[in-house]
Each structure stands twice: as structure tokens, then as C-alpha cells.
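Step one of this worksheet: look at the structure below.
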Amino acid sequence: MKIEKTDVLVVGGGAAGAVAASAVLDAGKSVSVVFANGGGSEICGGAMDVMGVVPGEKPMICESYKEGISQLLAVYPDHVYGKCEEQLDKGLDALVSLAKAGGYTLHGFDGKNVWVPNMMGTFSVNAFVPEMMKDSVLEPGAEEKVLVIGVKGNVAFNAVAAAQSYQQYQKKLGGKAIYFSTEIKIGGWGDRRKISDGELADYLDTEEGLEELIGLIKTFCSNNRYQFDKILFPPALGYIHYEENLAKIKDACDCKVGEVEALGNSVTGYRFTRALYRGLEAKGANLVRGTVVKEVETTAEGVSAKCIIGLTDQLHPGKEATLESSALVLAAGGFVGGGIKARHTEVWIELLNQKLGSVVVDQLDRDAVNPKGQGFMRMGVDVADDMMVAEGQYNGRIYACGSILSHQNFASERSSVGVAVASAYKAGLQAAGK
Amino acid sequence: MGESMVTQEFSKLYYRTANCLTSDIIADFAPVSRIVGVDTSAGLGTVFTAMGTRFDMQYVAKEAFMATDSYESDTRSIDDTPVNEIMRYVRHEIIEGDMVPEAYKPIVEAAKTGSCIYNQYKETKSGNEDADILFLISPAAPDAAKTAEQFSIVSKTIEKSVYCTNQYKDCGYLALQMGLFDEATKQINLLKKQMQQYNVVVTDDSYILDALLVLAPEMAEKIRFIDEFVMEYKNTLKLSENETIMLHQSGVIERLYPEKSVDYKELFASAKIVTPARCGYDVTDSGLAGGLGLAVPENLMAISGRRMADLMKEEHDVIITPCAYEAVGLNCAEKEKVITLLDYICK
């Protein structure tokens, strides 16, 4: 771990932080990325949404994410995309490249959104999907036979219920597939009745685990009268050797194979974030992991960030250190990632010591999937057109990006990665110019 | 100082721990959970389901002692929940309530009295007490006399005298992990007196290092982990190995004291250093967990066996670890022999 002065300091270890750091490096400047963990990206599903739905009384589903952004800006003119849309392509390229360098392949569809089956038995809209889900994408009109495989004891994914649900749900999206399901019993972990995605993924990372899985799938398929065109599996084909495992399963089964999208499990977030970190290191970023920034001060010349290095608890206070740079990019996440925190009913951005407002029960819509989205999600830090934090006291040295920004609702819009990378690339470039 | 149980209301933390550990994001991220499983039937993990109220801790006695992951879970807690700290508190409550599971009773007793839990332990002292360096040998070392001899060779090469001993056992580490702070303090006090005589205190046991830094923070400047010490003198020691070295790092160092982490590519400049995918801040431990892992040997063997599978996957000439305790844990898997850094540089 190197504690050294770099041109720019990025706070946050998720997709936004990674892209901001990449932009700084593209500008020929040095960067340190400080983070405790991957924040919201640590629990992501592994695919990338850019702009899926324009929220409103009648939500608009976006076929193309770029057209979707235009439609969104027509309804919400002050949306943060209005400030950073022009950097979307560069941001997406940066993220895809970092992930690829770290061994995580992402595929786009010429600007179109696609639908990916998920663990809930429905379909999620995405602009980019990982190699692990490329074959899972719904193909409207394709009359294919799809086998959904579950693993006995893995209650996180019920293959029978999921297949029945996909069968019905696909009709809304033009799907014409026939879904089948089966539950295989993997014996590698003894006689335990319940297993989690993590245990399954860890077991499938071993040679014996993968061999057992392939043997079971082949046995099932050879004893079945149908030739399946596609096999869907829960998102648990390994933490580490996932792409290698997928290729081996495809070879053995001679059909398309893919995972369904996770709605946050321990496996997909690990794959995605660790690939980004490997990509960042390969590109030359200085990663300061396991470190929390507690306080930021700016002067006319630069920024200093007081940090605590190492995990902290009652016995371990961590080690204090100060990181210095010319500018800082705040990519600390929003409500999920930890950049925005609640103090009772008040909502604060702790690092800026900035109160955003209050959220009380009366303000919340009881309908969790209200098509207009929850209003409070639009709270966040306000930024100027160049992504600079719009507060006088920071000497123009602090920029912000990602879900900590105000005027966006990534949950209802299905726009989290798009907003993150577009705003982060712009913030990174601006910070590098300081 | 980060927020901890000292500054947060316990009941709030308790439920947050239960929630985040059962989210299928953190529970999986501990070697124990990955091996013995979590009961996800009701969306709750086995280890934490019975923690439904703070008064029912006795029902999770076994699980609380089993949840020894050296902070791996904490690395993924995105809302700063000190998972390990909560489990330490639960262990303490269970001990206070005299509800310690049978398998853990000898370990708890040893922690209280400061005795050693290892059958092979034999008190060892070598060198003069008025030496330049105090070297604290891991109580888990299979042959403490040999370890002392190895470190004496190192210190002779750098022209320093050394006093080696394992008389302080784990220096209060297990007592700390059970929330027995008075016992831990008692165990460290004698050692503290002795430590004052030396300019440098070195240990080859990352758990001892943790205990020293927690219980004697005023002497932190003179405390070194073995690889940190070797790094300081690498030019004098002339380390010129050119093998492919598979490195198993210490979770205690990488997560709690990352500023002490040593770059082995710099330490062994002419060797090829390889690490498994789970390394650095994500490193997975041997499962011995400072001794608690001994109580359920089948779990220990499964966890260390899993880690060994990762360590053996890539081509290498030798597997080394700086921590003598971790070497013992990994060797419980009875696969390829893992040697310590000291073994390696003295070979």
C-alpha cells in the first residue's frame, strides 16, 4: 500500500470511482483511489443499466438507452444526465475496458436495451451484460427450448417457480420460448440441506465441483427427450473462475448457457468490483483499499484528505494518514453505497458535512414499485455543469459523480451505471485539469 | 477511530449485524460460512438466526465461537457494521453466562489462564536477555527451538543479538477474541515490562502481533512482523532466490494493518511471486483463527483444504507464508507442505 501524493484523489471503490480514476489516467495524470469496499457495486447484479425506464404516471420503457436519455431529459430537464451525457460513451468504454482487463467481459447491443431473466422470475432491462449472461438475454420471437436449472437446497433461486414465471412474463416482451425446469442435487458439500449462492460459487470454483456439475447436467440432458437450446443457471458459477467454468459447461452441453441476473448476491458484486480493481491496477492507479476518508480540507493549492487505514473496531483504531492531491473526486455512493447517510430523519453527506434535507414516513410512497419512483431518491449533492460540487468553500477542488448526485433516481430509471460512468468520466477529466 | 460498539448503541448494531450477515452478501464471505453453510431457508443465516433477541445468545453459543473469520466478513459490510466485534461480544456474554459449548471449554480455559492450547508446545528460551532484539516465537510452531535457531541466524547476519522465547504463548490474543480484557491485560503486563528493554520486538505470528499492537499500543513503534523486519534488512540478508513462490498472506496484516504489508516482489527481487485470486484485502485465512479453529477439526481441515486448493492451483516451486500460525493451519489440510518465511530464508 502506497500513501503518496498523486494529482487526483478519488474517494469510492464502485463503478463511478473506477471510471473517474480511469479518466484521470487517460488525461495523463496520476491518481489514488481510496475506498473501504465496493459500496453499492459490491452488491450489484453484474450487468449494466444506462437508461431503461422514464419514470412517471405511465413509465416509458426505453428501447435504446440514448433515445431514453432524450426522453428523460424532456420530462426531467434538470436531470444530471443533462450535465454529463456527452461523456457517456467514453465512460462506458472506460468501464468496459477496465472490466475486460480484469477478466470480466461485458457485451453491448449497439445502443439497444435488452432483457435478462433474473432470480425473481422476471426480466431486468440492461444495456450491457457480462459474458456470464450473454446467452441468457431474451430473444423476442425466438421459439427456443430453455432449461432452467436450480440446485437442491439453494433457496435463493427456485428454478421451478422461475421457469413458470419466465414463461408468462416473456409474453410482455415478445418472447416465445418454452421454459422447462429441473433441480439437480450436488453432493459436494455433504448432507447439508441448505446452501447459499456463495457456497455454491465457491464449490464450483474447484475442479471437482465443476466436474460434478457438468456430469449432472449432461446426465439430465441425455435422459431427456428434448434437445435444449439454452440452459439458465443461478448466478453462482464461481467467484474466480467463472468465465472459464462457463466455457467448459458450454462445451460439454453443446448449447447456449448463461446465468440469470442476481439481484445482489455475494458472487456477482465480487466478480465485477475485483475485475475493476485489477483493471485499475494494470492501468497504473494507486489503490488504497480498506481505507476510509474521514475529513476533507481544501486550500487554494489543493486538497488534503484525512484517512483511517485498515478495518476499525473497538480494538483497532486503524492508522491515521493524510493523502494530498490537487483535486478530489467524490464517488462515495448514494443511499446504498454509503455516501449519503441518515441521522434519524435527516439525510447527510457526511464527508462534506452537508445536510440534504429530511425524510419522514409521510413523504414516502407506500407503493415500493411506484412508477414515479420515490421522491427522496433524487436527493444528493448538487454540482455545477463541470461536476464541481456547487459549494463555495471547497475552492473549486472537489468534484462529484455517481449515485451521490442529486436530480436522478437510478432505482426507478434503471440508470445507475450510465449516470455513474458519464458523470465520473467528466468529473475525472475536470479534476485532472486542476 | 472508526465507529464501533464503544460509540454505537449495541442493540442497533446487533440487528444490523443480523441483517447484513443474512443478506447472502456477507455471510458467504467468511470461510467458515462457506464451508459449514448458512441456513437461508428463512432469509436468515444459521449463525445469526437465533440471535433474535439479545437475551437469547446462549442459543448461538457454538456458532459464535465458530464464526472466526479474521475480519473477512467485515470487508464486505457496506454499512460499517463491525461483524467480528459483535461476535467477540457474543462470545464474552456466553462465557459470562457459563454456557460455553463443550468443544470450546478447554480453549476458553486456556485463554483465561494464559496457558497454551497446543500439545507440542514446549517453553523455549534462547540467547541472552540483554540482547538487541526480542523475538516472540509462535506458540503454534512445531519446533520452537528450530525457529529460535533460524531467527538467531538472521540476527547474526545483520550483526544484532537476539533473545528468543515463546514463554508468553499467544500474548493474550485468544483472551482478546473472547472479550476477556482483564485476562488479556494480565497476560501482557509481564511481557510489557520485558519489551521495554528492547529497541525492536519481532514476532513470526500475526495473531501475537495483533495482541501486542492492541494491548501495548504505546510500544507500536518497536513492534515488527517478521516480513517487515526482514524487509528492513533485505540488503544485508542478500535474499537472492529465483524460484516461483506462491505466497499466502496474513489476513490480520492485510485487513487490520495494511500499512505493514510487505511487497514480496521487492523482498525477493529475483524470484517470481504469485498469489491466489483471493489475496491482499480479500485474503482467505487458514481457518485456525488464532486457535479457535482447533475445536472443530473437521471444519478446520475443510477450510484449510479449500485454501490449499487455491494455493496449489498455479504453478510454483514453494508455498510460503510469513505467519507461523497460518502455516500450521494450512498444514492441517495435509496437502502440500507450507513453509514459513523464516524456514525459507534459512533453508
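Strictly over 24 Å apart at the Cα level, which of A:Lys66/A:Lys434; B:Lys125/B:Lys337; A:Lys100/A:Lys248; A:Lys112/A:Lys134; B:Lys169/B:Lys193 would you flag in this model? Mind showing how you got there, number by number?
Details: A:Lys66/A:Lys434 30 Å; B:Lys125/B:Lys337 27 Å; A:Lys100/A:Lys248 19 Å; A:Lys112/A:Lys134 14 Å; B:Lys169/B:Lys193 16 Å.
Those over the limit are A:Lys66/A:Lys434; B:Lys125/B:Lys337.
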Tell me which residues come under 5 Å, amide H to amide H, from A:Ala390 once H is placed; ignore anything under 5 positions away on its chain. A:Asp382, A:Val383, A:Ala384
Rounded to the nearest 5, the percent of DSSP beta bridges in the protein assembly as shown running antiparallel is 40
Residues with amide H under 5 Å of A:Val148's amide H, sequence separation 5 or more or different chain, H placed in the peptide plane at 1.01 Å from N; which? A:Phe180, A:Ser181, A:Thr182, A:Leu232
Placing each pseudo-label 7 Å from Cα in the direction of the beta carbon, B:Ser240 and B:Glu315 end up separated by a distance in nanometres of 2.5
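Net charge within 13 Å of A:Glu320 by Cβ-Cβ distance, Lys/Arg positive one each and Asp/Glu negative one each, not counting A:Glu320 itself?
Values: positive: A:Lys294, A:Lys306, A:Lys319; negative: A:Glu295, B:Glu259.
Combined, the nearby Lys, Arg, Asp and Glu give +1.
So for chain A, what percent of the C-alpha to C-alpha distances run longer than 31 Å? Spell out each step's value before the answer.
Numbers: 39335 of 93961 pairs.
Value for chain A: 42 percent of Cα pairs lie more than 31 Å apart.
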Each label point is 7 Å from the Cα along the Cα-to-Cβ direction; what then is the distance between the points at B:Glu159 and A:Glu295, in nm? 4.5
One finds the C-alpha centres of the stretch A:290-354 and the stretch A:166-219 to be spaced, in Å, by 41
Would you list the P(r) distribution for the stretch A:255-305, with all Cα-Cα distances sorted into 5 Å bins from 0 and each bin expressed as a whole %? 4, 13, 13, 14, 16, 15, 10, 5, 4, 2, 2, 1, 0
Over the stretch B:234-345 - Rg/Rh using Cα atoms and the Kirkwood inverse-distance radius: 0.96
Return the percentage of antiparallel bridges among DSSP beta bridges fully within the stretch B:125-230, rounded to the nearest 5 %. 15
Please compute, for the alpha-carbon atoms of the protein assembly as shown, the extent along each of the three principal axes and give them in descending order in Å. 82, 72, 56
So the FRET efficiency between B:Asp263 and A:Lys355, C-beta based with R0 = 41 Å and rounded to 0.05, is 0.45
Could you derive backbone 3J(HN,Hα) for the stretch A:175-183 from the dihedral phi with the Karplus parameters 6.51, -1.76 and 1.60 (θ = phi - 60°), listing whole Hz in sequence and x where the residue is Gly or Pro? x, 10, 6, 10, 9, 10, 9, 8, 10
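Go through the stretch A:339-427 and name the trypsin sites (Lys or Arg not before Pro) that are in a DSSP coil and have 12 or fewer other Cβ atoms within 10 Å of their Cβ. If you can, show how the numbers build up before the last one.
Working: sites: A:Lys341, A:Arg343, A:Lys355, A:Arg366, A:Lys372, A:Arg378, A:Arg397, A:Arg414, A:Lys426; in loops: A:Arg366, A:Lys372, A:Arg397, A:Arg414.
When the trypsin sites (Lys or Arg not before Pro) of the stretch A:339-427 are filtered for loop state and at most 12 Cβ neighbours within 10 Å, A:Arg366 remain.
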Taking a cut-off of 17 Å between Cα atoms, list the aspartates and glutamates near A:Lys294, but don't count ones fewer than 8 places away on the same chain. A:Asp313, A:Glu320, A:Glu324, A:Glu350, B:Glu3, B:Asp79, B:Asp80
Taking the Cα-to-Cβ direction at A:Lys250 and at A:Glu183 and moving 7 Å from each Cα, how far apart do the two end points lie in nm? 3.0
Kirkwood hydrodynamic radius of the stretch B:125-230, Cα pairs, Å: 13.7
Under the Karplus relation with 6.51, -1.76 and 1.60 and θ = phi - 60°, whole-Hz ³J(HN,Hα) for the stretch B:214-225, x at Gly and Pro, equal 7, 8, 10, x, 5, 10, 3, 4, 9, 8, 10, 7
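Loop only by DSSP, 15 or fewer other Cβ within 10 Å of the Cβ. Give me the GluC sites (Glu not before Pro) in the stretch A:333-397 that pass, ordered by residue number. Each step should come with its number before you reach the end.
Numbers: sites: A:Glu346, A:Glu350, A:Glu391; in loops: A:Glu391.
Those satisfying the criteria are A:Glu391.
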Enter the mean number of other protein chain beta carbons within 10 Å of the beta carbon of each residue in B:71-78, as an integer. 6
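How much of the pair distance distribution for the stretch A:137-260 lies past 27 Å, counting alpha-carbon pairs only, in percent? Before the final figure, lay out each step's value.
Values: 1151 of 7626 pairs.
Value for the stretch A:137-260: 15 percent of Cα pairs lie more than 27 Å apart.
Among the chymotrypsin sites (Phe, Trp or Tyr not before Pro) within the stretch A:109-217, which fall in a DSSP loop and have no more than 10 other Cβ atoms within 10 Å of their own Cβ? Kindly include the intermediate steps, with their values, before the conclusion.
On the way: sites: A:Phe109, A:Trp115, A:Phe123, A:Phe128, A:Phe157, A:Tyr166, A:Tyr169, A:Tyr179, A:Phe180, A:Trp189, A:Tyr203; in loops: A:Phe109, A:Phe157, A:Trp189.
Passing sites in the stretch A:109-217 do not exist.
Values quoted throughout were computed directly from the atomic coordinates according to the rules given, and no laboratory measurement underlies them. Keep in mind that this is a model prediction, so the values were computed, not measured. Backbone-built Cβ (ideal geometry, glycine too); neighbour counts: all protein chains shown.
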